[in-house]
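The values are calculated or read from the model by the stated rules, or taken from the named source; none is laboratory data. Please read all numbers here as calculations on a predicted model, not as lab measurements. For neighbour counting, all protein chains shown are included, and Cβ atoms are generated from backbone atoms with ideal geometry for every residue, glycine included.
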Amino acid sequence: MEYEAIIGLETHIQLNTSSKIFCSCKADSWFDGPNTNICPVCTGMPGVLPVLNKAVVEKGALLAAAMNADLQPVSYFDRKNYFYPDLPKGYQISQYDRPLAKGGWLEVPLDGYQRRVGIWKLHLEEDAGKTKNENGQRMIDFNRCGVPLVEMVTGPDLRSADEAAAYLIRLRQLLRWIGVSEADMEKGHLRCDANVSVRLKGSETFNTKTEIKNVNSIEAVRAAINKEIERQVREYERGGKIEAWTLEWDEDTQTLKKMRSKETEADYRYFREPDLLPVHLTEAWKSAILADLPELPLARKARFIGEYGLPEYDADLLTAERSLSDYFESAVKAYGGDPKRVSNWLLNDVMRMLNESGKIAGELSLTPAYLAEIIKLVDAGTVNTNTGKALLDKVNESGKSPAQLVESEGLAKVSDAGAIRAVVEQVIAESPAEVESYRAGKVGLMGWFVGQVMKKLQGKADAQKARELFEELLK
Ligand code: ZN
Ligand code: MN
């Protein structure tokens, strides 16, 4: 029997505002000690009042627009009541029936097809604190209380662990692209719970689902979902039943453990937050926010294919990250020639520099204009390809222009026939054994001969000319 999985993801996204959602405490405490970024508001002291951070609404609205969601002209905050030691107020300020945005979707390209993953709604809320066990004591850190979050729940639209992982990869790309979150799963900027059920392929019913919590990397999401699909199929195969468990992923043992059963919505006793006004997203404010919405990754990818004639593979890599795709476009404009040639230099050589330095493209001293200049120097025959590649690092390290470096370091290609001939003759005179082997038929030695000339001319020789001269003189 063939089964298919039905998967929905609940994601919590930490917005990268500088302060928290209802007070002026610093939002990001990753590098700070416990309980250093807290105040009476975010620790729920009596008599304090929350004040909404405007930037949270703006970043949330930008994300909603990028997710094709309908921004609501009026939204409200509500109290979600539950007791837990990391929640000092005894309730979380969230949005319930009147969220910031409703509906929406994200297109997820997959191997040979595309999946449109719907979301029900997008709402704003505050994060809770963190508890941990240390030296037999229960410790609480309130730094994360009041950190702004967006919660988005997808429809049951994903059909495999790989599709769920692909959704998260595209969501992370989008969040970074529009600049609303660092989206680093390891740091908890992007958190994900997965709802999983299985059914016989072709069936239309939804079977009982389980919820997987505590997965904090994309690989963990993939592994945990696959484990749970296998378990449910095994259970159905032996005639068993699936119960609506909440499961916790244990990264160390790569296993799922049953947690306490989850509260139902009624248990939360939602009601309007009386200390906050409704959010009126006026047309003027909305237009001002949406003016910052950039061309999105998949649209840009399609344009790179259409406008520049790039293969899909190149276009996908070049739009993986916004800074890189901006860099590519600037370099193409400065170069004026075949965009594919710029793509090759970028994906082969500049990508290496990015990986080695941990920088993003826009941070390199090798600007797009300098990259274009180097390719043009190679095209014009002023420098050979080797020197051109070496120039990338030299420009990036010194910040000097390629032309300046060619001049000051004497990097121009040696293509003067007389000069190369002299060196070629010298190599032949110094290498009687290799000459003999070559003449006896070992033509593969040609590369070695040309290499010797390169060595003597500090890599600046016109390799083609040297090759032709060897062929002529060794005949
Ligand atoms: Zn605070
Ligand atoms: Mn939530």
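Key figures for this structure:
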item: Flag if Thr282 is within 33 Å of the chain's Cα centre (by Cα), in the same structural domain as Arg199 (by TED's automatic domain parsing) and at pLDDT 95 or above; result: yes
item: Pair list, Cβ < 6 Å and 6+ apart or interchain, from the stretch 338-360 residues that are over 13 Å from Asp393 (Cα atoms) to residues that are polar (S, T, N, Q); result: Ile360/Ser323
item: Residue list for the stretch 162-194, filter: part of a loop (DSSP other than H, G, I, E, B) and free of Cβ contacts under 8 Å to residues at least 60 places away in the same chain; result: Asp184
item: Which listed residue is in contact (Cβ under 8 Å) with a residue 24 or more places away in the chain and at positive phi, from Gly118, Gly129, Gly136, Gly90; result: Gly90
item: Scan of the stretch 74-96 for residues that are within 16 Å of ligand 1 (Cβ to nearest atom) and hydrophobic (A, V, I, L, M, F, W, C), ordered by number; result: Leu87, Ile93
item: Elements of type strands (runs of 3 or more DSSP E) in the stretch 199-265, at least 1 residues being in contact (Cβ under 8 Å) with a residue 40 or more places away in the chain and of a type outside the set (A, V, I, L, M, F, W, C); result: 210-215
item: Test: residue in the stretch 402-415 that is in contact with a strand residue (DSSP E or B) (Cβ under 9 Å, 6 or more places away or on another chain) and of a type in the set (Gly, Ala, Ser); result: yes
item: Where a residue in the stretch 268-279 is assigned by TED's automatic domain parsing to the domain that holds Arg98 and hydrophobic (A, V, I, L, M, F, W, C) and its partner, wherever it lies, is in a strand (DSSP E or B) and at pLDDT 95 or above, with Cβ under 8 Å and at least six apart; result: Phe271/Asp78; Phe271/Arg79; Leu276/Ile93; Val279/Val74; Val279/Ser75
item: In the stretch 125-161, the residues that are more than 16 Å from ligand 2 (Cβ to nearest atom), outside any loop (DSSP other than H, G, I, E, B) and more than 25 Å from the chain's Cα centre (by Cα); result: Thr131, Lys132, Asn133, Glu134, Gln137, Arg138, Met139, Ile140, Asp141
item: Restricting the stretch 374-433 to residues that are of a type in the set (A, V, I, L, M) and not in a helix (DSSP H, G or I), the residue that is nearest to Val350 (Cα to Cα); result: Val383
item: Selection from the stretch 66-86 of residues that are surrounded by fewer than 20 Cβ atoms within 10 Å (Cβ to Cβ) and without any contact (Cβ under 8 Å) to a residue 60 or more places away in the chain; result: Asn68, Asp70, Phe83, Tyr84, Pro85, Asp86
item: Residues of the stretch 23-53 classified as more than 11 Å from ligand 1 (Cβ to nearest atom) and among the aliphatic types (A, V, I, L, M), total; result: 2
item: Selection within the stretch 4-43 - buried (at least 17 other Cβ atoms within 10 Å of the Cβ) and over 20 Å from Gln92 (Cα atoms); result: Ala5, Ile6, Ile7, Gly8, Leu9
item: Failed condition for Leu377, given (1) out of contact with any Lys or Arg (no Cβ under 6 Å at 6 or more places or on another chain); (2) in contact (Cβ under 8 Å) with a residue 40 or more places away in the chain; (3) farther than 23 Å from Gln173 by Cβ; result: (2)
item: Conditions (1) more than 16 Å from ligand 1 (Cβ to nearest atom); (2) at pLDDT 95 or above; (3) outside any strand (DSSP E or B): number failed by Arg115; result: (3)
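Conditions tested, residue by residue: (1) farther than 25 Å from Arg138 by Cα; (2) in contact (Cβ under 8 Å) with a residue 12 or more places away in the chain.
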| position | (1), (2) |
| --- | --- |
| Glu10 | yes, yes |
| Phe31 | no, no |
| Gly47 | yes, no |
| Lys54 | yes, no |
| Lys59 | yes, yes |
| Ala64 | yes, yes |
